[in-house]
1. Filter the cross-link list Lys66/Lys172; Lys9/Lys91; Lys4/Lys66; Lys87/Lys172; Lys109/Lys164; Lys117/Lys172 down to pairs whose alpha-carbon distance in this structure exceeds 23 Å.
2. Using a cut-off of 12 Å between beta-carbons, work out the net charge of the residues near Lys76 (Lys and Arg +1, Asp and Glu -1, Lys76 not included).
3. Would you grab the residues whose amide H sits under 5 Å from the one on Ile119? Only those 5+ places off in sequence or on another chain, please, with H modelled 1.01 Å from N.
4. Which order do you get for Met133, Met1 if you rank them by accessible area with a 1.4 Å probe, largest at the top?
5. With both partners inside the range 110-181, how many of the DSSP beta bridges are antiparallel, as a percent to the nearest 5?
6. Mind grabbing the accessible area of Arg187 for me, 1.4 Å probe, Å², rounded to tens?
7. Read phi for every residue in the range 13-20 and hand back ³J(HN,Hα) as whole Hz from Karplus 6.51 cos²θ - 1.76 cosθ + 1.60, θ = phi - 60°, with x for Gly and Pro.
8. Compute and list, largest first, the equivalent-ellipsoid semi-axes of the range 117-167 from the alpha carbon gyration tensor, each √(5λ) rounded to a whole angstrom.
Amino acid sequence: MSIKLQELKIKINFTQPILGSLPADRELYTKFMAQKAPAEWLAEEEKEALPENYDKGVTVFPQDEKGIFLYNYHIKGFLKHAGNVLKEQLKIKNLRGKLDDYLFIKERKIYLYRGGKIIQEEDEILERPLRGMTMQGERVTLVASEMINPPCECTCTIQLVEHKEITLDVIKTLLDYGKLLGIGQWRNGGFGQFEWEEVK
């Protein structure tokens, strides 16, 4: 008996600039983020996808010989966040946790396109102040991120293990949340917002 899977292939059209979210500092990546990788080879793969020409404090997009991409967990992370926000509207308890177990993104690397071609480099670097409270009072740090402006798009395939509560219609509702809160760094600042469509 095989696992019953449903698939939804989508195209994401970014309506606002999207910011890179991985630290360019390879040592920082290894210390904090790579520890969360499910396998050592995945951590090494992600570390190799970081550019080498940035100072500390810059967040970047992963990139390989083809161009710039998002990892599958960027899309899944968005859907889990949307599930957590919309769980009461959708009347599904522990929706975030269920998405973790039942929802998957088929492609590991999701390349960003413009005009039918994979984007090769960022459009610009966005610098902004980041305020935070410390024991010594409020501190302001300058942070910077790679930025890609619209038009920008990507396609991916959402896979869903058959479930009585989580349906493709539920996933479509979660995707609609992308008009309000997007993908990538500084999402609550309006960056990374998108619209989506189903690809047949």
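1. Values: Lys66/Lys172 29 Å; Lys9/Lys91 25 Å; Lys4/Lys66 33 Å; Lys87/Lys172 14 Å; Lys109/Lys164 29 Å; Lys117/Lys172 26 Å.
Checking Cα-Cα distances, Lys66/Lys172; Lys9/Lys91; Lys4/Lys66; Lys109/Lys164; Lys117/Lys172 exceed 23 Å.
2. Its environment carries a net charge of +1.
3. Ile68, Leu112, Tyr113, Arg114
4. Numbers: Met133 145, Met1 230 Å².
Descending accessible area places them as Met1, Met133.
5. Working: 14 of 14 bridges.
In the range 110-181, DSSP labels about 100 percent of beta bridges as antiparallel.
6. Arg187 has an accessible surface of roughly 110 Å² with all protein chains in place.
7. With coefficients 6.51, -1.76 and 1.60, one gets 10, 6, 9, 10, x, 10, 10, x Hz.
8. Numbers: eigenvalues 261, 119, 10 Å².
Each semi-axis is the square root of five times an eigenvalue, giving 36, 24, 7 Å.
The values are calculated or read from the model by the stated rules, or taken from the named source; none is laboratory data. For clarity, every value in this text was computed on a predicted model and none was experimentally measured. Here the Cβ is made from the backbone with ideal geometry for all residues, glycine too, and neighbour counts use every protein chain on show. Accessible surface is based on the protein model in full, side chains and every heavy atom, while ligands, DNA and RNA are left aside. Shrake-Rupley method; radii C 1.70, N 1.55, O 1.52, S 1.80 Å.
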